[in-house]
Amino acid sequence: MEILDKSIRNLKGIGEKKESLLNNLGIKTIKDLIYYFPVNYENRKKFVNIVDIREDELVSIRARVKSKPSIYRPRRNMSIIKIAVEDGTDTAYLTFFNQNYRFNQFNIGDEIYISGKAKVRGLLKEFNSPIVSKKLGGNTGIGKINPIYSLTKGISNSELKKFIKEGLKYREEIKDIPIEIKREYDLLDIDKAIEIVHFPEDRENYIKARNTIAFNELLELQLSLLILKNRRITNSANIVFPNRSYLEEFKSGLEFKLTNAQIRVIEEIEKDMESDRQMNRLVQGDVGSGKTIIAVYSLLKTIKSGYQGVMMAPTEILARQHYNSLKRELEKYDIEIGLLISNLKASEKKRTIENIKSGDIDIVIGTHAVIEDDIEFYRLGLVITDEQHRFGVNQRAKLSNKGRNPDILVMTATPIPRTLALIVYGDLDISIIDEMPPGRKEIKTYGRRYNSRRDIYDFVQKQIKNGRQAYVVCPLVEDSDIMNLKSVESVYKELKENYKSLRIEMLHGRMNGVEKDDIMIRFKDREIDILVSTTVIEVGVDVPNANIMVIENSERFGLAQLHQLRGRVGRGKYQSYCILLTENRSQISTERIKIMQKTNDGFIVSEKDLELRGPGEFFGLRQHGVPELKLAKLPRDLNILSKVQILTMDIMKEDPYLNSKKYNRLKEIVNKKILL
Ligand code: ADP
Ligand code: MG
């Protein structure tokens with residue numbers, strides 16, 4: 001085992017107790033410790049003259065003790081010691097509470113260093129409990145930039161600093177990237193960079209070190225993903241579906257004509273399925289572009305080839321919808337479809353699981369939580385996840401382990417800007433549906449204030465009288481004392497009172513599965529005019545006759561979410577409307593509404609979303625299952641990522657298996673990552 005992978009117990013000063021505390025911080029190995037970076041820094045390097053001290057500024061000064069300390073005892077068990085110091089420009093007072101030893105610590109005329117936040121009251125300058133030292137550097141860190149770590153009870157910052165210094169003794173063991181790359185991109189040696197990020201000398205030197213580490217991290221990640229993808233190509237223990245298409249037959253049974261984009265994507269999928277490499281394909285298509293039918297055909301091909309297929313959806317409502325539509329679309333074929341969700345009766349669930357195992361069920365539809373459970377397949381050939389952005393890479397991997405390398409198809413409507421897509425979906429091939437079914441009209445989107453609410457619902461009523469249906473989405477289920485927001489219950493009540501002739505129902509996550517299912521079926525069958533709902537209908541729900549989406553307190557929702565919600569309408573031939581209600585005039589909310597009004601294009605929306613969220617936000621990458629980055633931050637480091645991606649492509653062209661000597665180290669790093 002490499003030394004860096006050994007337990008921190010091997011370090012000086014770390015015993016059983018400290019080890020378990022450090023474990024709480026996620027630090028197990030020496031490498032973890034070295035890569036435990038500061039969350040902030042305290043600059044005790046900035047020396048000023050006392051006369052220049054500003055209120056609340058963190059500064060250090062060099063001064064002489066001016067007079068004998070004074071001590072007050074305002075109460076029993078409490079002492080206050082004041083020491084006056086001067087530096088030739090002015091005098092400052094140091095105040096210490098209950099630190100009696102300070103009384104005799106210094107002599108008049110001693111030169112000392114002081115660091116802390118000053119209070120300025122009129123002409124009086126005062127430091128409360130500052131850091132004081134007779135010399136520079138040392139444990140107090142005066143004269144240095146000091147790292148501040150995220151801590152846990154029982155470990156102090158200075159203690160952690162000490163441990164990290166111990167760990168850093170092994171920093172030369174860290175594997176570095178090739179010197180050619182370091183030169184080309186002006187990077188530091190990795191071990192040097194890591195040391196600097198813990199103990200920087202100045203800002204410039206810190207930034208270079210930080211960017212070096214971010215570059216390394218992103219390069220390792222991107223390379224690993226691409227190598228994984230390459231490896232799949234050559235792995236031969238995969239299912240090979242017979243080279244036979246059922247597309248003509250399938251098409252003839254459809255109510256509509258597939259778009260060219262849909263046909264192209266289906267062909268890409270068939271080719272993958274028939275090849276001896278495992279399919280790992282992402283189908284990306286904006287809301288309403290018609291992804292489901294592609295899944296249906298892929299499942300049909302799977303069953304016709306003698307295998308089982310499974311399709312996961314992120315919500316129960318969507319799982320039930322898929323179940324119902326698959327039953328309909330595949331009615332004329334002799335195919336057994338099973339539904340697996342948490343709300344089933346125990347006996348029913350048990351029977352379904354048995355039938356999956358025996359092969360009596362051909363297609364399983366369900367929520368991921370359920371499918372992840374211990375179900376076994378008879379002959380699993382294809383795994384589909386709908387709304388992939390709701391799942392992580394790990395979940396995908398878990399399912400893929402169910403059979404003998406089944407083919408994998410993932411579908412998402414949430415477009416991710418290209419650079420990020422390479423990270424998030426780096427190991428996937430991508431098919432894009434870039435065409436909407438014919439006859440769709442651009443959804444008209446309006447931002448409105450609450451004073452026009454009545455007019456809006458009158459308009460909704462008019463549309464309903466013309467045969468349409470509407471969704472109203474609220475941020476809460478019931479009214480809350482804390483937040484003054486619209487709730488499903490109150491809006492439902494209000495609309496029922498004001499529009500007596502309309503059929504209005506509620507839908508939210510607190511209802512049980514059967515109730516939710518019943519409401520959705522009745523909505524689809526046009527027995528309900530207005531569905532007042534929470535965001536449980538955010539993804540996937542498909543009722544083409546509905547043409548109005550009213551979003552109450554729209555400021556509560558993010559841009560991507562608003563786009564998804566809007567995608568519930570505009571799925572048929574009718575002119576559709578999305579109305580974003582808000583009283584909120586914050587800049588971000590106004591900006592979001594502007595973007596929503598300007599474009600229906602999910603790609604543009606997601607690019608803007610990224611811009612608006614700005615640096616610091618994690619862009620849900622964790623939820624996407626991207627391995628944790630210790631220091632690199634996306635989207636903040638997008639410019640580094642772009643460089644890395646070009647470099648990665650070049651490396652893959654030059655030496656796809658990293659066999660040449662100069663990639664020795666890199667290969668070791670990447671192999672280790674892939675194995676994890
Ligand atoms: P999404 O891509 O958002 O999952 P769906 O697959 O739910 O979209 O499709 C949206 C609606 O469009 C559905 O009602 C579906 O029946 C319909 N649809 C899909 N493809 C076509 C097509 N080629 N022509 C007309 N309607 C289509
Ligand atoms: Mg869908």
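The values are calculated or read from the model by the stated rules, or taken from the named source; none is laboratory data. As the structure is a prediction and not an experimental result, all values here were calculated from the model. Because the Cβ atoms are built from the backbone with ideal geometry, glycine has one as well, and the counts that use them run over all protein chains shown. Calculation scope for accessible area: heavy atoms of the full protein, side chains included, ligands and nucleic acids excluded. Shrake-Rupley method; radii C 1.70, N 1.55, O 1.52, S 1.80 Å.
Brief remarks on what is shown
- Residues satisfying the stated conditions in the stretch 528-568, i.e. in a loop (DSSP other than H, G, I, E, B), away from ligand 1 (no atom under 11 Å from the Cβ) and at negative phi: I528, D529, T534, E538, E552, F557, G558
- Restricting attention to the stretch 503-523, the residues that are open to solvent by 10 Å² or more (accessible area, probe 1.4 Å) and either within 16 Å of ligand 2 (Cβ to nearest atom) or of a type in the set (F, W, Y) (or both) add up to 1.
- Residue match in the stretch 473-486 (condition: over 19 Å from A546 (Cα atoms), touching a Ser or Thr at 6+ places or on another chain (Cβ under 7 Å), of a type in the set (D, E) and without any contact (Cβ under 8 Å) to a residue 24 or more places away in the chain): yes
- Pair list, Cβ < 7 Å and 6+ apart or interchain, from the stretch 264-291 residues that are without any contact (Cβ under 8 Å) to a residue 40 or more places away in the chain and within 21 Å of T414 (Cα to Cα) to residues that are more than 16 Å from ligand 2 (Cβ to nearest atom) and open to solvent by less than 20 Å² (accessible area, probe 1.4 Å): I266/L247
- Residue check, F618 under 15 Å from the mean Cα position of the chain (by Cα) and either part of a loop (DSSP other than H, G, I, E, B) or at pLDDT below 85 (or both): yes
- Among the residues making up the stretch 267-305, those that are more than 23 Å from G602 (Cα to Cα), open to solvent by 10 Å² or more (accessible area, probe 1.4 Å), part of a loop (DSSP other than H, G, I, E, B) and of a type outside the set (S, T, N, Q) are D276, R277.
- N77 vs. criteria under 30 Å from I155 (Cα atoms), open to solvent by 60 Å² or more (accessible area, probe 1.4 Å) and touching a strand residue (DSSP E or B) at 6+ places or on another chain (Cβ under 7 Å): no
- Unmet criterion (only one of (1) over 24 Å from Q575 (Cα atoms); (2) within 16 Å of ligand 1 (Cβ to nearest atom)) for V514: (2)
- Every condition in (1) closer than 16 Å to F163 by Cα; (2) open to solvent by less than 50 Å² (accessible area, probe 1.4 Å) holds for I53 except the one numbered (1).
- Where strands (runs of 3 or more DSSP E) sit wholly within the stretch 50-119, those with at least 2 residues that are in contact (Cβ under 8 Å) with a residue 24 or more places away in the chain and charged (D, E, K, R) occupy 58-65.
- When the stretch 524-560 is limited to residues that are of a type in the set (D, E, K, R) and away from ligand 2 (no atom under 16 Å from the Cβ), the one that is nearest to the chain's Cα centre (by Cα) turns out to be R556.
- Of I356, I365, all but one fail to be in a helix (DSSP H, G or I) and either among the aliphatic types (A, V, I, L, M) or at pLDDT 95 or above (or both); the exception is I356.
- The set of residues from the stretch 552-590 being among the basic types (K, R) and at pLDDT 95 or above comprises R566, R568.
- Hits in the stretch 306-324 - residues which are open to solvent by 20 Å² or more (accessible area, probe 1.4 Å) and either away from ligand 2 (no atom under 12 Å from the Cβ) or more than 25 Å from the chain's Cα centre (by Cα) (or both): G306, Y307, E316, R320, Q321, Y323, N324
- Taken over the stretch 570-599, the criterion of being open to solvent by less than 40 Å² (accessible area, probe 1.4 Å), touching a residue at least 12 places away in the same chain (Cβ under 8 Å) and polar (S, T, N, Q) is satisfied by S576, T582, S589.
- So G467, is it under 22 Å from D529 (Cα atoms) and more than 16 Å from ligand 2 (Cβ to nearest atom): yes
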